[in-house]
Amino acid sequence: MKEREREVARLFLDLYPQLGDLQESSKYEHYDFESRDYLIEIKSRETLYEDWLIEDYKVKKNLQKCLIKGKQFLYLTEHEWIAYLWNVSKLTESNYDFKWEHRDMPKSTQFGDSENKIPKLVGYLSTGCSKKINLIEIIQE
């Protein structure tokens, strides 16, 4: 995980202290942080999107883990200190249309490996269905 995602997590916790303590996950998990009630995946991006990409594999793995732990899965993306938050567990329960499709994607985003692409099943999270969070306000305090 990059330092930017850690900073976003700290700011997110400043806004929502009721989450309790955020524990960083091991590098082998499919989420970044765990709180008392949530598994949280955080992505920082240099580009702003109307619809944010999410991998089917990651959704399934995290929802399975949530069932075992009695938690919900939150997905948070950030661009220029504006965050978009989705409760993927609730979206799934409400039959949200992720518009799943196969796309050629980098095999891994680790180690700068953007050349080796493989087909992945991906869906989209609309910003219209997210909670928009202004992290800049916390930075400026």
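Quick note: the coordinates plus some simple rules give every number you see, no bench work behind them. On a predicted model such as this, the values are computed, not experimentally measured, just so you know. With ideal geometry, Cβ positions are generated from the backbone for all residues, glycine too; neighbour counts draw on all protein chains shown.
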Considering only residues that are among the charged types (D, E, K, R) and in a loop (DSSP other than H, G, I, E, B), look in the range 32-60 and name the one that is farthest from Thr127 (Cα to Cα).
Arg36
Of the conditions (1) within 27 Å of Asp37 (Cα to Cα); (2) aromatic (Phe, Trp, Tyr); (3) in contact with a helix residue (DSSP H, G or I) (Cβ under 8 Å, 6 or more places away or on another chain), the single one that Tyr124 does not satisfy is (3)
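Can you find a residue that is part of a loop (DSSP other than H, G, I, E, B) and out of contact with any helix residue (DSSP H, G or I) (no Cβ under 7 Å at 6 or more places or on another chain) anywhere in the range 61-74?
Checked the range 61-74: at least one residue is part of a loop (DSSP other than H, G, I, E, B) and out of contact with any helix residue (DSSP H, G or I) (no Cβ under 7 Å at 6 or more places or on another chain).
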Can you name the residue in the range 75-97 that is in a loop (DSSP other than H, G, I, E, B) and of a type in the set (Asp, Glu) and is also nearest to Asp37 (Cα to Cα) among such residues?
Asp97
Assuming Phe12 fulfils every condition listed in (1) crowded, with 20+ Cβ neighbours inside 10 Å; (2) over 16 Å from Lys131 (Cβ atoms) apart from one, which condition is it?
(2)
Among (1) among the hydroxyl-bearing types (Ser, Thr, Tyr); (2) in contact (Cβ under 8 Å) with a residue 24 or more places away in the chain; (3) surrounded by 12 or more Cβ atoms within 10 Å (Cβ to Cβ) - the single one Ser25 does not satisfy:
(2)
Just name the residue that is farthest from Glu80 (Cα to Cα) out of those in the range 25-62 that are touching a strand residue (DSSP E or B) at 6+ places or on another chain (Cβ under 6 Å) and acidic (Asp, Glu).
Asp56
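One line per residue, one yes/no per condition, for (1) surrounded by 18 or more Cβ atoms within 10 Å (Cβ to Cβ); (2) touching a residue at least 24 places away in the same chain (Cβ under 8 Å); (3) of a type in the set (A, V, I, L, M, F, W, C):
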{"position": "Leu39", "(1), (2), (3)": "yes, yes, yes"}
{"position": "Ile68", "(1), (2), (3)": "no, no, yes"}
{"position": "Phe73", "(1), (2), (3)": "yes, yes, yes"}
{"position": "His79", "(1), (2), (3)": "no, yes, no"}
{"position": "Val88", "(1), (2), (3)": "yes, yes, yes"}
